[in-house]
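The values are calculated or read from the model by the stated rules, or taken from the named source; none is laboratory data. It should be emphasised that the depicted structure is a prediction, and the values quoted were computed from it without experimental measurement. Every residue, glycine among them, receives a Cβ derived from its backbone with ideal geometry; neighbour counts consider all protein chains shown.
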Amino acid sequence: MLVVVRHAQSRANAGFATADPESIALTATGEEQARAMAMTWSATPDRIFTSPFLRARQTSQPLAERFKMAAAPLEVHEFTYLSPERCVGTSAADRKQWVEDYWSRCDPNYVDGPGAESFAQLIARTERALRSLGSYSEHEQVVVFSHGQLMQAMRWICGHKAPLAVNAAAMDAFRKLDLEQPIAHCQRLLIS
């Protein structure tokens with residue numbers, strides 16, 4: 001069984017300005033959410049993986065400590081579609097127009113700048129992660145700590161039986177899913 005968990009509340013989620021996507025830490029509320037989530041986990045995981053981004057690593061730590069395991073890094077980090085260098089020192093409110101501009105462009109191959117990835121690259125990376133994670137036995141409980149939009153990409157890919165056409169219509173459909181069915185902090189998504 002594959003269980004993907006969104007990180008707990010981060011400083012960016014709480015509206016603080018941040019320096020770069022990789023080093024965003026949890027808030028005190030997020031730390032409590034991570035501890036509470038770990039205490040409600042019923043079965044010992046066979047494997048724990050985590051995004052290399054700090055907030056996901058911090059969220060995985062209480063569960064890993066509870067079961068005396070180590071969380072291994074895996075490329076399931078957040079979709080960084082805005083260039084990190086232009087976002088230094090900005091908050092979500094500061095970036096709101098850039099976000100709207102990115103999604104309204106609806107170009108799956110557009111890369112905003114250095115350090116950013118395109119929507120098509122996100123989907124390809126997510127498909128690789130799902131193939132890699134699918135190699136584990138269905139009798140193992142594999143827990144992956146990740147991020148909201150990467151989890152949405154997993155949900156979206158698994159919800160399509162036919163191969164995905166990554167085009168403007170698909171990108172628009174993905175954005176609607178992300179806005180209409182947001183993934184909460186520490187929410188678990190079972191992938192079969």
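Annotation note: Cβ proximity below 6 Å between a residue of the stretch 129-148 that is aromatic (Phe, Trp, Tyr) and a residue that is modelled with pLDDT of 95 or more and surrounded by 12 or more Cβ atoms within 10 Å (Cβ to Cβ) (sequence gap 6+ or interchain) occurs for TYR136/VAL142; PHE145/VAL5; PHE145/THR50; PHE145/ALA56; PHE145/THR59; PHE145/SER60. Based on this model, can you work out whether THR44 counts as out of contact with any Pro (no Cβ under 8 Å at 6 or more places or on another chain), of a type in the set (Val, Ile, Thr), free of Cβ contacts under 8 Å to residues at least 24 places away in the same chain and surrounded by fewer than 19 Cβ atoms within 10 Å (Cβ to Cβ)? Taking the combined requirement at face value, the residue does not satisfy it. Please determine, by comparing only the residues of the stretch 134-173 that are aromatic (Phe, Trp, Tyr) and at pLDDT below 95, which one is surrounded by the most Cβ atoms within 10 Å (Cβ to Cβ). Looking at the filtered set, the residue picked out is TRP156. Within the stretch 59-112, being hydrophobic (A, V, I, L, M, F, W, C), without any contact (Cβ under 8 Å) to a residue 40 or more places away in the chain and either surrounded by 14 or more Cβ atoms within 10 Å (Cβ to Cβ) or in a loop (DSSP other than H, G, I, E, B) (or both) holds for ALA64, PHE67, MET69, ALA70, LEU82, TRP98, VAL111. Residues that are assigned to a helix (DSSP H, G or I) and either in contact with a strand residue (DSSP E or B) (Cβ under 7 Å, 6 or more places away or on another chain) or surrounded by 11 or more Cβ atoms within 10 Å (Cβ to Cβ) (or both) within the stretch 177-192 comprise LEU177, ASP178, listed in sequence order. Residues that are of a type outside the set (Phe, Trp, Tyr) and not in a strand (DSSP E or B) within the stretch 1-17 comprise MET1, HIS7, ALA8, GLN9, ARG11, ALA12, ASN13, ALA14, GLY15, ALA17, listed in sequence order.
Would you point out the residue of the stretch 18-39, among those that are at pLDDT 95 or above and assigned to a loop (DSSP other than H, G, I, E, B), that is surrounded by the fewest Cβ atoms within 10 Å (Cβ to Cβ)? Residue satisfying both the conditions and the ranking: ALA25.
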